[in-house]
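These notes concern the structure reproduced below.
The values are calculated or read from the model by the stated rules, or taken from the named source; none is laboratory data. Only a predicted model underlies this, so the values are computations on that prediction, with no experimental measurement involved. Cβ sites come from the backbone with ideal geometry, for glycine too, and all protein chains shown count toward neighbours. Quick note on the areas: whole protein, heavy atoms, side chains included, nothing else; ligands and nucleic acids left out. Shrake-Rupley method; radii C 1.70, N 1.55, O 1.52, S 1.80 Å.
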Amino acid sequence: MMLKPHSLGALLLTLLALPALSSVPAAHAAPAAHVAAGAPVASAEGHTADQISRFLATFYGDHGPSPQDREQHVSQVLKDRQEVSRDSDVLLCSQNEPQKIGIGPVTVAQAAGVGWATVTTHWAGGVTDTFTAYVRLDSKPIRLDDVICAG
């Protein structure tokens with residue numbers, strides 16, 4: 001067995017690792033060393049969890065989005081879905097107006113370019129229902145991109 005000098009071995013390991021590294025998406029790369037653990041997401045990367053949380057709380061309010069919010073802060077996909085679903089409100093996953101609406105913690109997936117939160121609607125008799133509201137991180141202005149009903 002012939003031993004190779006250390007520098008040649010290091011070079012070979014680096015070259016062998018290149019194909020594996022090039023297939024790793026940039027979103028999975030290690031964070032920059034200057035970014036402190038727990039630091040907020042940079043605005044250049046899209047909306048932060050806090051911004052999305054504030055948007056959803058304002059958008060949904062206590063009883064549902066206003067006509068202006070439905071027009072200006074909803075994706076075309078949801079507008080089209082609402083046109084087809086005349087018997088229910090696709091933004092609230094219901095047929096009626098809830099008594100109260102709560103927004104859960106927001107999760108942000110930079111790699112997917114989306115943030116989401118569970119929205120809880122409160123109804124008469126203490127009944128609740130939930131759905132998930134999605135916001136694209138790069139939407140300008142910020143808008144609701146999709147809604148997935150729980151049931």
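Below are the figures for this structure:
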read-out: Among (1) out of contact with any Phe, Trp or Tyr (no Cβ under 7 Å at 6 or more places or on another chain); (2) within 22 Å of GLN76 (Cβ to Cβ); (3) open to solvent by 70 Å² or more (accessible area, probe 1.4 Å) - the single one ILE148 does not satisfy; value: (1)
read-out: Candidates ALA111, ALA117, ALA150, ALA133 - the one that is under 11 Å from the mean Cα position of the chain (by Cα) and farther than 18 Å from PHE59 by Cα; value: ALA111
read-out: Helices (runs of 4 or more DSSP H) contained entirely in segment 49-137, each with at least 3 residues that are more than 16 Å from VAL147 (Cβ to Cβ); value: 49-60, 67-72
read-out: Residue within segment 75-86 that is open to solvent by 30 Å² or more (accessible area, probe 1.4 Å) and under 18 Å from THR130 (Cα atoms) present; value: no
read-out: Close pairs from segment 56-85: first at positive phi, partner of a type in the set (A, V, I, L, M, F, W, C) and surrounded by 18 or more Cβ atoms within 10 Å (Cβ to Cβ), Cβ under 6 Å, at least 6 apart; value: GLY64/LEU92
read-out: Residue list for segment 62-74, restricted to those being within 28 Å of GLY126 (Cβ to Cβ) and open to solvent by 90 Å² or more (accessible area, probe 1.4 Å); value: ASP62
